[in-house]
1. Which helices, taking whole DSSP H runs in the chain, have alpha carbons extending 24 angstrom or more along the helix axis plus mean Kyte-Doolittle at least -1.0?
2. Where in the range 263-278 is the amide nitrogen less than 17 Å from a point lying 7 Å along the Cα-to-Cβ axis of D202?
3. With 27 Å as the limit, write out which pairs from K69/K181; K194/K390; K884/K936; K119/K274 have Cα-Cα distances beyond it, or answer none.
4. What full-extension length gain, to one decimal in nm, is calculated for A550 and K385 as 0.36 nm per residue of separation minus the Cα-Cα distance?
5. Are any of the pairs K46/K92; K581/K677; K608/K645; K104/K509 more than 23 Å apart by Cα-Cα distance, and if so, which?
6. Assign unit charges at the C-beta atoms only (+1 for Lys and Arg, -1 for Asp and Glu), then state the dipole size of the range 826-970 relative to its Cα centre in Debye, rounded to the nearest 20.
7. Got a sec? Charge dipole of the chain, +1 on Cβ for Lys and Arg, -1 for Asp and Glu; which of F144, N642, G387 is way out at the positive end?
8. Say the dipole of the chain comes from +1 at the beta carbon of Lys and Arg and -1 at that of Asp and Glu; which of G837, G450, M560 then lies farthest toward its positive end?
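What follows is calculated from the coordinates using simple rules that are stated; it is not laboratory data. Because the structure is a prediction, the values reported are computed rather than measured. Cβ coordinates were reconstructed from backbone atoms using ideal geometry, including for glycine residues, and neighbour counts include every protein chain displayed.
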Amino acid sequence: MTRLGSQGKEFPMMNLNETAARHGFCVDRVRESEELHGQMVEMHHKKTGAQLVWVDNGEVNKTFCVAFKTLPEDSTGVFHILEHSVLCGSAKYPVREPFVELMKSSMATFLNAMTFPDKTIYPVSSRNEQDFLNLTEVYLDAVFAPRILQDPNIFYQEGWHIELDENGAPLYKGVVFNEMKGAMSDVDEQIYQKTLDVLFPDNCYGWNSGGDPKHIPDLTYEQFLRMYHRYYHPSNARIFLDGAIPLDKVLTLAEEYLSCFDRLDEKHEIPMQKPFAAEAEQAYEIGAEEDTADKTMLTLAKIVAPWSDTVRITATEILFDVLTGSNDAPLKKALLATGKCQDVSMSLDNAMAQPYMMLTLRNIADGSEQELRQMIRDTVQQLVKTGLDKDALTASINSSEFAARQPGEPSGLLRCIHALDAWLYGGDPMQPLLSEERYQKLREMAAGDGFDRLMAELLLDESTMSIIRTVPSHTQGDELRAEETVRLQAIQASWTDADKEALRVQNEKLTAWQQTPDTAEQLATLPVLSLSEISADPLLIPAAEAQCGAAKVITHDLPMNGVTIMHWYISLTDFTLDELKCLSMVADLLGKLPTKRHDSLSLFQAIKRDIGKLTFQLRVMSRCAEMATPVLDVSCSVLDANVDKAAALVREILTETCFDDRARVQTLILQLSEMAKQKVISDGHRMAMYAASATMSAASAAREALNGLSACMVQKALAENFDAQYPDFLALCERFSKDSAVQSRVTFSLSTNKALDPAAILSAYPVGTPIPDAAPYVSDLPAKCAYRIPAQISFASLGYDYRRAGKVYSGIARVMSNILSLSYLWNEVRVQGGAYGAGLNTNETGRMVTYSYRDPSPARTLGINRSMSKGLRDFVAGDERIDKYIISTVGESEPPLGSENQILVSDENLLCGITPEDLCRERTEMLSTTKDALLKWCGVLDQMAQDGGVCVVGHDGAIAACEKEDLTVL
Ligand SMILES: [Zn+2]
């Protein structure tokens with residue numbers, strides 16, 4: 001953590017009052033808080049009523065956020081389109097996309113905007129004070145003086161417009177339109193939206209705040225402007241500051257904008273929805289090759305509490321963990337035991353005025369709904385009678401509290417979002433940030449029968465419970481596409497000649513605007529740091545290496561605040577590529593099956609009770625093109641007092657897991673395979689990147705096998721042919737458990753402030769047989785492949801390894817990637833192609849890979865990927881400055897990391913043989929990159945265009961359109 005301790009002393013109350021008054025603000029309240037490591041200052045702007053909260057905690061990474069309460073009145077996604085649009089130019093910064101310009105030129109550690117069901121927030125953060133002030137000013141100008149008020153092209157580009165294709169057929173285009181088509185391809189997103197629709201018919205939460213693609217085109221530019229004026233106003237604004245910010249300077253900037261407005265009296269209240277019971281049904285798309293039998297998702301939903309009842313809200317989350325946190329948790333176990341459903345999950349959405357719960361049963365057997373609902377009633381009644389297991393409650397409370405106290409990064413932004421959970425509704429912004437008192441009340445509640453009563457209220461009282469059925473369909477996707485075509489054809493048929501001409505002119509103007517680069521004067525309006533303000537030295541995380549018995553040990557000396565973090569990196573080089581594909585499942589089973597000492601429920605509880613966080617992940621370390629080192633990373637964060645218990649549990653899980661519990665393994669594999677299916681749709685760009693690079697190096701082959709489509713396909717095959725394949729799978733699991741967790745294959749990483757001898761932990765493992773440090777892996781995927789998904793959108797990737805073109809790594813490669821991602825690919829693939837995202841990733845391991853995200857036309861994108869050397873040459877010939885890209889490349893290479901991720905990055909560097917000298921050289925290379933030096937990478941980009949691997953993850957139509965690529969469909 002980069003905290004400097006409380007800075008409260010430097011701003012005594014009187015100075016605060018004076019500073020505030022000088023800028024038209026009035027201080028309302030100042031409170032010290034040990035839990036916040038400082039004080040919270042609340043003020044308001046006298047003229048407009050704008051509210052401001054500052055968490056003055058000395059955090060080096062400074063955060064600014066302006067939030068507006070934005071309450072939808074339909075599903076046109078107006079606030080989502082506004083969120084995108086205000087970042088497309090403003091009065092002081094009349095460039096097409098200041099947001100992108102800032103990504104190119106700033107050291108921002110966070111820079112984005114988000115639309116929620118009842119608010120829109122604009123947060124930025126940076127460690128560099130001048131950079132922080134620059135970002136703050138650009139964001140204030142964006143929200144209070146955007147160019148959208150004068151220029152409808154922004155609305156057409158970000159929202160929607162109609163274009164005619166080469167055959168004269170009309171089609172919708174627009175960034176948000178496409179983004180939401182992608183979002184609505186995800187069955188979980190569909191369940192979420194339908195639940196909101198059913199639960200909240202009478203207030204803003206019933207609408208799709210992101211925008212439903214069916215309704216986005218209902219929005220006119222005039223309506224859009226009206227909503228802007230009503231909601232983007234200081235009287236409806238909340239400004240949140242976090243960290244060691246220069247208050248006087250920030251208030252000067254804020255005042256400059258706020259004082260231009262008069263107070264607006266429209267109060268945006270959210271009427272509370274009266275709870276009731278309802279039923280609804282919707283369809284979701286499944287693949288043509290899948291059977292529709294037994295694939296219905298059943299959701300039970302209800303409103304839980306008003307936002308102010310934080311104890312009940314957190315208690316509900318804990319209750320859900322006790323009831324369904326593992327396959328052996330009582331409610332989930334009872335439901336799975338019926339054999340009538342494949343998976344069960346419970347969740348609570350609390351970022352709103354009326355948090356609500358969902359209990360979702362996945363893939364239920366046709367005709368079994370009543371039986372399953374009766375099973376819920378019976379199980380809960382029985383649990384109410386006997387009372388919930390106290391140990392289970394303690395375990396879940398402990399792990400929830402550990403998570404609440406280790407908020408992760410970006411911590412300033414997370415504090416902002418939490419504060420709004422009360423602040424937005426007129427409550428105390430400090431209340432959601434404090435957890436001590438809440439957890440004390442929860443422990444009292446657990447000691448009595450509070451959780452039993454809560455369970456009865458939430459699950460037995462059906463008078464306010466709604467039921468949502470999400471049923472599979474082979475035709476849903478086609479129907480949606482057909483509906484859209486019919487709608488567009490009707491619109492086209494209604495056009496008069498004048499309409500046609502108007503549209504032609506409108507689109508011509510739009511294209512002209514999109515293709516006109518910003519002038520040098522326009523670009524010069526944006527504040528840019530100078531290269532001299534950038535540190536020539538990278539942030540290095542101290543690490544020491546040693547040998548301990550047959551194991552390697554890495555230690556980190558960092559301030560740890562009473563928490564110990566341990567990693568066991570277990571080498572897997574003795575497994576073949578095919579075996580690696582199965583090992584992803586082995587990692588997912590660890591901790592979820594019984595061991596020789598614990599049944600699976602008591603193991604689950606022991607992990608929750610004694611360990612803060614325990615994960616099993618597969619990673620690949622690489623030092624050269626032909627060889628790679630796949631490892632299982634067992635990562636454990638624990639309070640210092642519980643280190644011994646945690647170490648013993650980890651050893652037990654690694655060496656004594658009962659993989660022969662066949663029934664439990666089968667249930668878990670079915671659930672994993674189902675989750676993998678969803679992941680390919682939501683994370684398609686990652687899958688495409690793994691596959692496109694797989695044939696390029698040993699590390700890429702191993703990475704694909706462990707995390708990519710190959711792993712998903714192996715999971716699917718095992719789920720479908722479990723009886724035939726289980727014996728081989730079991731043999732692999734047992735080999736892993738017998739041979740792998742041994743000293744000679746482990747690198748142990750320890751970060752603690754407690755006096756702790758790693759030998760005490762490692763001596764519990766046998767020495768074992770050493771294996772090679774690295775192994776050669778060759779992918780069996782075709783170099784050019786495609787994977788079909790039932791979705792409205794696609795993903796494309798072109799992958800390469802620059803070492804094939806004889807190039808060695810240089811920091812220049814990162815600058816080049818950044819330039820191509822933020823200029824050429826951004827313009828061609830996102831702005832003009834309508835994909836939600838696009839980029840090129842290059843790193844020190846040789847990997848060079850493009851991606852597109854939620855892409856309407858992957859064939860076109862691949863063509864653009866192949867002309868990146870032209871993009872780079874154009875950049876070199878143009879007059880855009882290179883130093884701003886250097887600044888953002890450096891900024892991007894140093895994201896704010898909590899201690900957990902700092903340790904991981906440092907460990908990975910050590911395991912890949914990247915030295916502090918390498919990192920210093922990389923920094924020097926980045927800082928001294930010239931346009932001429934970039935040209936030397938054009939040849940590599942051309943080689944990549946010619947010899948690179950390709951993968952398209954998408955629907956049939958999108959894959960068919962890539963016929964020239966000659967893709968093998970997997
Ligand atoms: Zn968006």
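1. The qualifying helices are 369-386, 476-494, 662-682, 722-739.
2. Only 269-278 fall inside the zone, counting backbone N under 17 Å.
3. K194/K390
4. Roughly 54.0 nm would be gained on extension.
5. Violating the 23 Å Cα-Cα cut-off are K46/K92; K104/K509.
6. The calculated dipole for the range 826-970 is roughly 480 debye.
7. Toward the positive end, the furthest listed residue is N642.
8. Selected residue: M560.
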